[in-house]
Amino acid sequence: MTMSIPAVSDRQMNELRIIAAKGAENANLAFSRWLKEKARLEITDVSFVPFEDIVKNVGDADRMVVSVLLRMNGDIEGNAVFVFSEESAAYLIEKVGKKKVSKLSELSTMNRSILEETGNIVGTAFLNSIVAHLDVSVSTSAPAFIYDYAAAILEMAVMEYAPVSDYALLFKTKFFEANTKIDGYFFILPSPESLSSLLEKIEGRES
């Protein structure tokens, strides 16, 4: 039996938006240091989204994208997924590694590590805000590089929770570096149990 969307008060949603905004601030600093130029991360949405609609958030399900996946463990378990367009991934490699790439399917170990570290830096900065705000313990796995269709990547990220839940909590973001828009999205998909625990923590702060 699957779990439908949890009952969430307006105050809890506001608290989640505050956490997201603080996470964006942390990620801005980390991302700017990594690129050695001022960068900006914007939160465009905090919402509960049906699993079948997650792919729609990154546009065309049949387009190839680059993803960096972080497995979350501890008080909050689940997956954190950083998704780039092909063009943005190539731009980041050129920006950090000072080399142009022609085929993302044939990246060197060094170029793959640039994208993995980008996802790791931004993801960790964002998750650290959750840890500090709610006084929880969260660790992450080594970042995993994936180059595949958008639908395949996001379906893989939610697949293990599909039998017990219908919805994921998404923090949707966009990144800008100088005058360049980086077509990237950061999703946090906690397990149903972790989501319940997270909402309880928020409720405790309100009482």
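The values are calculated or read from the model by the stated rules, or taken from the named source; none is laboratory data. These numbers come from a predicted model, not from an experiment. Neighbour counts are summed over all protein chains in view; Cβ atoms, including those assigned to glycine, are modelled from backbone coordinates with ideal geometry.
Brief remarks follow.
- If the condition is being of a type in the set (S, T, N, Q), closer than 16 Å to LEU195 by Cα and touching a helix residue (DSSP H, G or I) at 6+ places or on another chain (Cβ under 7 Å), then segment 7-37 contributes only GLN12.
- Of everything in segment 109-123 that is within 17 Å of VAL65 (Cα to Cα), without any contact (Cβ under 8 Å) to a residue 40 or more places away in the chain and among the polar types (S, T, N, Q), the residue that is surrounded by the fewest Cβ atoms within 10 Å (Cβ to Cβ) is SER113.
- So SER67, is it farther than 19 Å from LEU170 by Cβ and modelled with pLDDT of 85 or more: no
- Scanning segment 46-68 for residues that are out of contact with any Leu (no Cβ under 7 Å at 6 or more places or on another chain), assigned to a strand (DSSP E or B) and surrounded by fewer than 19 Cβ atoms within 10 Å (Cβ to Cβ) yields a total of 2.
- Every pair of residues 6+ apart whose Cβ atoms lie under 9 Å, when the first sits in segment 26-45 and is more than 15 Å from ILE182 (Cα to Cα) while the second is of a type in the set (A, V, I, L, M) and loosely packed, with under 13 Cβ neighbours inside 10 Å: none
- Contacts under 8 angstrom Cβ, first residue in segment 181-199 being over 18 Å from PHE126 (Cβ atoms) and among the hydrophobic types (A, V, I, L, M, F, W, C), partner at pLDDT 80 or above and surrounded by fewer than 24 Cβ atoms within 10 Å (Cβ to Cβ), 6 or more apart: LEU199/GLN12
- Taken as a whole, the condition of being free of Cβ contacts under 8 Å to residues at least 12 places away in the same chain and not basic (Lys, Arg) applies to VAL131.
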